[in-house]
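Engineer: Handing you a structure now.
The values are calculated or read from the model by the stated rules, or taken from the named source; none is laboratory data. Being a predicted model, the structure only gives us computed values, none of them experimental. FYI the Cβ positions are ideal-geometry reconstructions off the backbone, even for glycines, and counts take in every protein chain you see.
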Amino acid sequence: MRVVCLKQHPSQYSCSSYLILGDWNRIEDVNTLVDGGIDGFILEEIKGLSTGVGKKGVEQIVLTHGHFDHCAGTKIVKEKYSCPVLAFSDRDVVDETVQDGQMLRCGDRDFEVIHIPGHSTDSICLYCPEQQALFSGDTPLFIQTPGGSYTESFITALEKIATCHISIVYPGHGAPISGKISEMISNTLHNVYQSQITIL
């Protein structure tokens, strides 16, 4: 699996978009864009990448959630590559809704969809056990102090993530995070347990 951290527009607020490719650009690999950003700025970089002979640069788009900075530019990318859009919530641009626990092929690896309603009701993470990689969107995984309010459903999903073997996190904003991921998530759980819990 290869992950390309796509460049963001220098003067526009947007998310971190990632292109997941197979190691060898095989026909059966599924070139997958995680989050489309707010405009078509990423298209120029994708066009210059080696994404496989006879293959579309983007063969599917997976949205981690529906906030504008992650999905406003999705329609432009979808029209360019005529590819389906997958997301937890059914929006105008979405072709297929995904479910918690569903497996998706991204690049040359299988990813599990983890629904974690915290940052938004439709937030998901994508977890690849083989690569020990997690695409987290805007999910708050590294909560450093107690306080705030969290739902039981968020805590349950966070507890599941805490059991995963994770070596690298690709967040919705900022650079990839590696090193002591398990300790950081365990500390987050500790702080969440000491906060107010809302039963939903």
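Engineer: Just one of 181, 177 is at pLDDT 95 or above and either in contact with a His (Cβ under 7 Å, 6 or more places away or on another chain) or over 20 Å from residue 65 (Cβ atoms) (or both); which is it?
Structural biologist: Criteria check complete, one pass: 181.
Engineer: Could you give me the residue pairs with C-beta distances under 7 Å whose first residue belongs to the range 50-70 and is touching a residue at least 12 places away in the same chain (Cβ under 8 Å) and under 18 Å from residue 115 (Cβ atoms), whose second residue is buried (at least 17 other Cβ atoms within 10 Å of the Cβ) and of a type in the set (Phe, Trp, Tyr) wherever it lies, and which are 6+ apart or on separate chains?
Structural biologist: 64/135
Engineer: For the range 182-192, check the following and say yes or no: at least one residue is assigned to a loop (DSSP other than H, G, I, E, B) and of a type in the set (A, V, I, L, M).
Structural biologist: For the range 182-192, residues assigned to a loop (DSSP other than H, G, I, E, B) and of a type in the set (A, V, I, L, M): absent.
Engineer: From (1) among the hydrophobic types (A, V, I, L, M, F, W, C); (2) closer than 23 Å to residue 176 by Cβ; (3) surrounded by 14 or more Cβ atoms within 10 Å (Cβ to Cβ); (4) free of Cβ contacts under 8 Å to residues at least 40 places away in the same chain, pick out the condition that doesn't hold for residue 103.
Structural biologist: The single condition residue 103 does not satisfy is (3).
Engineer: Among what's in the range 61-82 and is crowded, with 20+ Cβ neighbours inside 10 Å and touching a helix residue (DSSP H, G or I) at 6+ places or on another chain (Cβ under 9 Å), pick the residue that is nearest to residue 129 (Cα to Cα).
Structural biologist: For the range 61-82, the residue satisfying everything is 64.
Engineer: Among the candidates 137, 57, 40, 48, which residue alone is within 22 Å of residue 12 (Cβ to Cβ), touching a helix residue (DSSP H, G or I) at 6+ places or on another chain (Cβ under 6 Å) and either at pLDDT 95 or above or surrounded by 23 or more Cβ atoms within 10 Å (Cβ to Cβ) (or both)?
Structural biologist: Criteria check complete, one pass: 57.
Engineer: Just checking, how many residues over the range 112-134 are buried (at least 22 other Cβ atoms within 10 Å of the Cβ) and among the polar types (S, T, N, Q)?
Structural biologist: Looking only at that region, the number is 1.
Engineer: A follow-up question, please. Give, as residue ranges, the helices (runs of 4 or more DSSP H) completely inside the range 28-120 that count at least 3 residues that are more than 30 Å from residue 189 (Cβ to Cβ) and not small (Gly, Ala, Ser).
Structural biologist: 42-47, 74-81
Engineer: Does residue 136 meet the test of being within 19 Å of residue 123 (Cβ to Cβ) and of a type in the set (Gly, Ala, Ser)?
Structural biologist: yes
Engineer: Now a separate question. If you go through the range 140-162 one residue at a time, how many are more than 14 Å from the chain's Cα centre (by Cα), part of a loop (DSSP other than H, G, I, E, B) and surrounded by 17 or more Cβ atoms within 10 Å (Cβ to Cβ)?
Structural biologist: Here the count works out to 1.
Residue by residue, here is whether (1) under 19 Å from residue 101 (Cβ atoms); (2) of a type in the set (Ser, Thr, Tyr) holds:
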{"site": "130", "(1), (2)": "yes, no"}
{"site": "145", "(1), (2)": "no, yes"}
{"site": "153", "(1), (2)": "yes, yes"}
{"site": "156", "(1), (2)": "yes, yes"}
{"site": "173", "(1), (2)": "no, no"}
{"site": "178", "(1), (2)": "no, yes"}
{"site": "184", "(1), (2)": "no, no"}
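Engineer: Right, another one. Output the number of residues of the range 163-182 satisfying the condition of being free of Cβ contacts under 8 Å to residues at least 60 places away in the same chain and either surrounded by 15 or more Cβ atoms within 10 Å (Cβ to Cβ) or over 15 Å from residue 132 (Cα atoms) (or both).
Structural biologist: So the answer is 6.
Engineer: Taking the range 6-23 as the region of interest, how many residues are closer than 16 Å to residue 110 by Cα and either part of a loop (DSSP other than H, G, I, E, B) or β-branched (Val, Ile, Thr) (or both)?
Structural biologist: 3
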